1. Before I look further, what does the range 230-477 give for accessible area per residue, probe 1.4 Å, in whole square angstrom?
2. Got a sec? What order do Tyr435, Tyr397 fall in by accessible area at 1.4 Å, biggest, i.e. largest, first?
3. If you roll a 1.4 angstrom probe over the protein chains with everything in place, what fraction of the accessible area of the range 230-279 belongs to carbon and sulfur, to the nearest %?
4. Using a probe of 1.4 angstrom, how much of the accessible area of the range 404-485 is carbon and sulfur, in percent?
5. For Arg322, Arg459, what's the largest-to-smallest order of accessible area, 1.4 Å probe?
6. Using 7 Å Cα-to-Cβ label points, what is the Thr238/Ser401 separation (nm, one decimal)?
7. Work through the residues other than Leu382 whose Cβ is under 14 Å from its Cβ and net out their charges, Lys, Arg +1 and Asp, Glu -1.
8. Just in the range 258-351: which GluC sites (Glu not before Pro) are loop by DSSP and have at most 13 other Cβ atoms within 10 Å?
Amino acid sequence: MSVPLLKIGVVLSTMAMITNWMSQTLPSLVGLNTTKLTAATGGTLDRSTGVLPTNPEESWQVYSSAQDSEGRCICTVVAPQQTMCSRDARTKQLRQLLEKVQNMSQSIEVLDRRTQRDLQYVEKMENQMRGLESKFKQVEESHKQHLARQFKAIKAKMEELRPLIPVLEEYKADAKLVLQFKEEVQNLTSVLNELQEEIGAYDYEELQNRVSNLEERLRACMQKLACGKLTGISDPITIKTSGSRFGSWMTDPLAPEGENKVWYMDSYHNNRFVREYKSMADFMNTDNFTSHRLPHPWSGTGQVVYNGSIYFNKYQSHIIIRFDLKTETILKTRSLDYAGYNNMYHYAWGGHSDIDLMVDENGLWAVYATNQNAGNIVISKLDPNTLQSLQTWNTSYPKRSAGEAFIICGTLYVTNGYSGGTKVHYAFQTNASTYEYIDIPFQNKYSHISMLDYNPKDRALYAWNNGHQILYNVTLFHVIRSDEL
């Protein structure tokens, strides 16, 4: 029932109550509660027909009741002609009747006031209901706008995922899995487009879960694609010719986006100056650089820059130092227990290369040899903050027989020499603690390699070859099993 109809209903109900009360109560008040009213002379008045008494001069009676324009009750009374005697019984009876009618008028006024109060309450409730109706409309509009923003955010997230699809498609061996991902992205994109036209047609939480699940699977797939087994090494790319016969150069695989600084360290011992070039272009074309002075000279060519710090082996010791290049302060030093140093277990070319620090997709590593492992290569995974050894593997490959070594995706690759014809012929997998002999040739263009390190960001090998700074691209074979995703 609407508010106006409710208001009319209350008024009509009140008037019906008054009329019914008048028709039932008034006759009993004046003693006229029978079907026919008997006058003093024996005349009667029929209530149903409203006929006057047979002798109106000798009797009195209530003739009818009605309502005026304001809804108040009006009574018509037929009274006998008054006599001069004030003590006449009929005069007294008439006076009593008038008093009762006055009482009824007061009661009607009370009912009228109550009716007016109820009407005011109904009008107040009507205004409140109209206000609530307006608020409900505002909430509904706000909800639609909120949903629109949520779906827009999801669509933006999907746009971030789209660039991953072309990368996945480059790997033909995983074409079936890539097509599956592509189909899911297209399906979700189609749903989002439909939701743009009709908001609320799809459950938001379920859609968000599907997007999150797909994102996690794509990230996991990309992580697997970043790693793989080495199957080939490209021809060398000579970046620059500078420095002595031995040295190292590198970039930071964890450098911020858009930063491509180059770090350059000439010689293999008794030097403590590190050059910093702002970019690869500056390194190739100019001699503009900033020089950092390390607190101690380094040993060998196994230094790495990782997450803004340079890690190096302190000269004539088995101590590893982490030095912050921005603040130029030592952040951490730690001894590498039992590691040979001072040309005890160097690579085949010598040069105090006892301890070789490396980085790959999994973090920071140290490659060295110990008396306990009979001079064979030992691999340790290091915490980059504390330099603590997290896990160690002993291999059966003699350190002095290795030309150089590098790690890709947790697998150590060892070359058979450093001069002349060179190849990678030994691989140790840390994830399975197994090894195999392989045959991957690569061109030793300048006949003397004294540094060979992998950069996971560039997916390339950085080499120092007889005073030349060289880059090699690598080819990795990826094996992805969809049941692992």
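1. Numbers: 10030 Å² over 248 residues.
That works out to 40 Å² per residue.
2. Working: Tyr435 120, Tyr397 15 Å².
Final ranking, largest accessible area leading: Tyr435, Tyr397.
3. Values: 1100 of 2400 Å².
Roughly 46 percent of what the probe reaches on the range 230-279 is carbon or sulfur.
4. Values: 1400 of 3180 Å².
The computed percentage sits at 44.
5. Working: Arg322 35, Arg459 65 Å².
Ranking Arg322, Arg459 by accessible area, largest first, yields Arg459, Arg322.
6. Those two pseudo-labels are separated by 3.4 nm.
7. Details: positive: Arg322, Lys332, Arg334, Lys381; negative: Asp337, Asp356, Asp360, Asp383.
Net charge in that neighbourhood comes out at 0.
8. The qualifying sites are Glu259, Glu328.
The values are calculated or read from the model by the stated rules, or taken from the named source; none is laboratory data. Since the model is a prediction, treat every value here as computed from it, not as a measurement. Glycine also receives a Cβ, built like all others from the backbone with ideal geometry; neighbour counts cover every protein chain displayed. Please note that ligands, DNA and RNA were not included when accessible areas were found on the heavy atoms of the full protein model with its side chains. Shrake-Rupley method; radii C 1.70, N 1.55, O 1.52, S 1.80 Å.
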